[in-house]
Amino acid sequence: MVKPDGVAKALVGTVIARLEGKGLKLAQMKMMNIDRSLAEEHYGEHKERPFFGELVDFITSGPVVAMEWTGPSAITAARQMMGATNPLEAGPGTIRGDFALEIGENIVHGSDGPESAERELGLFFG
Ligand code: DAT
Ligand code: MG
């Protein structure tokens, strides 16, 4: 998913081009606004974290672009191209390393495994 900061910074095309360049295939895509209840469900695993409120505020602050990507080891490949959660720890050449400075505004979300991918695809495309 391209998060609201990525959309605001006009990075949708860049994110898509990078993942397509790697060889992953875009299977579904939807620009949308996430409401609070969907955001809370999406980020349910972080409910107890101190930054949960900010996380929900941020992901609901503007339009996002939800996407389904497919291909060999798509999750591993996409996470590698996104870079570390904290953009200051994300290497150059990664999306977060190249385009973000703050952990709370790190341009992209990516499912972290097959189960979360199934769950999140259900939330956004089900
Ligand atoms: P990722 O997005 O790399 O899967 P995550 O699932 O651990 O990372 O966290 C989800 C989002 O929450 C992350 O993209 C940014 C925010 N976040 C994570 N850790 C944070 C922290 N310590 N302070 C503020 N925001 C944080
Ligand atoms: Mg995560």
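Some points to look at:
- Check on residue 17, surrounded by fewer than 18 Cβ atoms within 10 Å (Cβ to Cβ), assigned to a helix (DSSP H, G or I) and not β-branched (Val, Ile, Thr): yes
- Within segment 23-126, helices (runs of 4 or more DSSP H) holding 3 or more residues that are within 13 Å of ligand 1 (Cβ to nearest atom), in contact with an Asp or Glu (Cβ under 6 Å, 6 or more places away or on another chain) and modelled with pLDDT of 95 or more: none
- Condition check for residue 93: on the phi > 0 side of the Ramachandran plot and within 15 Å of ligand 2 (Cβ to nearest atom): no
- Some residue of segment 41-49 being closer than 17 Å to residue 2 by Cβ and within 14 Å of ligand 2 (Cβ to nearest atom): yes
- With respect to the conditions (1) open to solvent by 30 Å² or more (accessible area, probe 1.4 Å); (2) farther than 24 Å from residue 8 by Cα; (3) within 14 Å of ligand 2 (Cβ to nearest atom), residue 118 falls short on a single one, namely (3).
- Contact map, segment 19-41: first residue on the phi > 0 side of the Ramachandran plot, second residue part of a helix (DSSP H, G or I) and at pLDDT 95 or above, Cβ cut-off under 7 Å, separation 6 or more or different chains; the map is empty.
- Test for residue 85: is it within 15 Å of ligand 2 (Cβ to nearest atom), in contact (Cβ under 8 Å) with a residue 12 or more places away in the chain and surrounded by fewer than 16 Cβ atoms within 10 Å (Cβ to Cβ): yes
- Taking (1) open to solvent by 30 Å² or more (accessible area, probe 1.4 Å); (2) within 15 Å of ligand 2 (Cβ to nearest atom); (3) more than 26 Å from residue 74 (Cβ to Cβ) in turn, residue 60 satisfies each apart from (2).
- Selection count where residues are without any contact (Cβ under 8 Å) to a residue 60 or more places away in the chain and more than 12 Å from ligand 2 (Cβ to nearest atom), scope segment 104-114: 2
- If you go through segment 63-74 and keep only what is on the phi < 0 side of the Ramachandran plot and open to solvent by 20 Å² or more (accessible area, probe 1.4 Å), you end up with 63, 67, 68, 69, 70, 72.
- Residue in segment 11-20 that is in contact with an Asp or Glu (Cβ under 9 Å, 6 or more places away or on another chain) and under 16 Å from residue 124 (Cβ atoms) present: no
- Restricting 77, 39 to residues that are open to solvent by less than 20 Å² (accessible area, probe 1.4 Å) and within 15 Å of residue 15 (Cα to Cα) narrows the list to 77.
The values are calculated or read from the model by the stated rules, or taken from the named source; none is laboratory data. Please read these numbers as outputs of a predicted model, since none were measured by experiment. Because the Cβ atoms are built from the backbone with ideal geometry, glycine has one as well, and the counts that use them run over all protein chains shown. These accessible areas exclude ligands, DNA and RNA; they are computed on the full protein's heavy atoms, side chains included. Shrake-Rupley method; radii C 1.70, N 1.55, O 1.52, S 1.80 Å.
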